[in-house]
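Report on the following structure.
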Amino acid sequence: MRKIIHNTFESGNGIFRMIPNFISIKFGMPGRRLKIHPNDYYAFGLKAGTIMERWLCSVNGTRVKNPDNPSQGISYVLAEDGEKFTLKEAIVELGEELIGEELQKKYGTFPVFSKFFDYETPLYFHFHPKTEIAARVGCEAKPECYYFPPQLNNYKGKRASTYFGFNLGVTKEDVRRCIENFSDCDTKITNLSRAYDIEAGAGWYVPAGVLHAPGSLLTYEPQWGTDLNCVLENVVSGEIFDEKYLYDICPPEEENKVDYIMNAIDWDKNYDENFKEHYFRPPVELPKTQAGLTEKWICYGNDYITAKEVTVMPDAKVVLKDTAAYGCILIQGFGTFGSFDAESVNMMRVGEQTADEYFVCKRRAEKGVEIHNRSKTEPMVILQHFGPDNIVYPDKKR
């Protein structure tokens, strides 16, 4: 395997071609915008649920393990002759040669990943706890970013708005009552919150500890590499959620779970009266460096993750340079990405290969990846996600 990893790394000149990584979910309704074949939404069996997410360049699997698919959530690299190995194995073998010295020394891994989540109905009102809480159940905090790609949002789903935080008149006792009555009645907890319309071509940053109920646009979500959450909404679009979703952040020995959850919420951020000003993220275009190339920061203004939208105009050749390793996915157009023939997906079958997802090592990112858009008429659009070694505050927001 070591030889296969090194040969694949060298033959790709520091770029890995990734294998699509789909996740089945047992709740919600699929938005059917992941571009998979209509017959494949139950490709892992009815017991596993419906495919509603695609994880991109993920080192960690899902927290809730699937006994029929124990590696669910872990991304694989496509090697020559159809062989494969995990991105995690490649990082263990190549270390800083792949992810760079800073990430290797501080984290020993690529600590972030991205995903598409695709729900026709909105998600539940929930939060991801800070590290001191998450660590008690073997996890980390999960700051996350949202971006809504126009290319994948021809349909807005059932509710194109997201609830964030609490209204200023809401008291902690109001929230406590909802938690205490979680198993007794529909608490309608989103009545305590405020909803913001979400639009294709823009995004948000959501810190750990902030309550949110994502709307029904297909979402590109660069995030920290964990998936622990605490669900405070018990009835969502008519679907009932068990209290196990509420208590998932509580360690087994914790007796007063309600107080524990109340103390895990970041009240200051949830009561922020300027929430949109602080956490809304419109695209920020970078200065032009080459003809035919447009770069926009789409996730930024935090200390954990960034993401960029790259557009290469028809028939243009550019060299894309960055300062850190990254994962990326092509969502429009076709052409070449380094030495690879690359193309966005029109429709894929689960289990088959695509040519739209890649991982680029730090050294190759710094040297530059040559991209050629071979279309005469259509732009080539790529989304990149980076870790905490490539943090930017282009608009000085914190």
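The values are calculated or read from the model by the stated rules, or taken from the named source; none is laboratory data. Fair warning: this is a prediction, and the values are worked out from it, not measured in the lab. Glycine gets a Cβ as well: all are built from the backbone with ideal geometry, and neighbour counts include every protein chain shown. For accessibility, only protein heavy atoms count, side chains too; no ligands or nucleic acids. Shrake-Rupley method; radii C 1.70, N 1.55, O 1.52, S 1.80 Å.
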Next item on the list: Between 229, 167, 256, find the one with the highest GNM mean-square fluctuation for the chain; connect C-alpha pairs within less than 10 Å.
Entry: 256
Item checked: Full-extension gain in nm, residue 131 to residue 286, via 0.36 nm per residue minus C-alpha separation -> 52.5 nm
Check: Dividing the convex hull volume of the Cα atoms of the range 250-314 by its residue count, what figure in Å³ per residue is obtained?
Finding: 139
Next item on the list: Eight or more residues apart or on different chains, and alpha-carbon atoms under 17 Å: count the Lys pairs in the range 261-352 matching that.
Entry: 7
Notebook entry, point to check: Using r as the Cβ-Cβ distance of residue 3 and residue 202, and R0 as 41 Å, what FRET efficiency do you calculate, to the nearest 0.05?
Noted result: 0.35
Margin query: Can you compute log10 of I(q)/I(0) for the range 1-94 with the Debye formula, treating each Cα as one identical point scatterer, at q = 0.12, 0.16, 0.23, 0.24 Å⁻¹?
Written below: -0.44, -0.72, -1.12, -1.18
Margin query: Using only DSSP helix segments of four residues or longer, with each worth -39500 (n - 2.57), what per-residue ellipticity at 222 nm results for the chain after dividing by its residue count and rounding to 500?
Written below: -4000 deg cm²/dmol
Checklist line | Amide N proximity, the range 86-101 versus residue 363 label position 7 Å along Cα-to-Cβ, cut-off under 20 Å | finding: 87-101
Next item on the list: May I have the pair-distance distribution P(r) for the range 115-244, computed from all Cα-Cα distances with 5 Å bins from 0 and rounded to whole percent?
Entry: 2, 10, 19, 22, 21, 16, 7, 2, 0
Check: Give or take rounding to whole Å, what are the principal axis extents of the alpha carbon atoms in the chain, in descending order?
Finding: 59, 44, 44
Note to self: In Å², and per residue, what accessible area does the chain have when probed at 1.4 Å with the other protein chains present?
What the structure shows: 42
Checklist line | Pairwise label distance in nanometres, residue 303 with residue 105, each label 7 Å out on the Cα-Cβ vector | finding: 1.8
Next item on the list: Just check the range 334-398 against the gyration tensor rule for me: Cα atoms, a ≥ b ≥ c as the square roots of the eigenvalues, rounded for a/c under 1.5, and otherwise prolate or oblate depending on whether a/b exceeds b/c.
Entry: prolate
Margin query: Using a Gaussian network model on the chain with a 10 Å cutoff between Cα atoms, which of 317, 106, 257 fluctuates the most?
Written below: 106
Check: Could you state the principal axis extents of the C-alpha atoms in the range 234-390, from the largest down, to the nearest angstrom?
Finding: 61, 38, 31
Note to self: Taking 10 °C and 1.306 mPa s as the conditions, I'd like the Stokes-Einstein D for the range 60-159 in µm²/s, using the Kirkwood hydrodynamic radius from alpha carbon pairs.
What the structure shows: 94
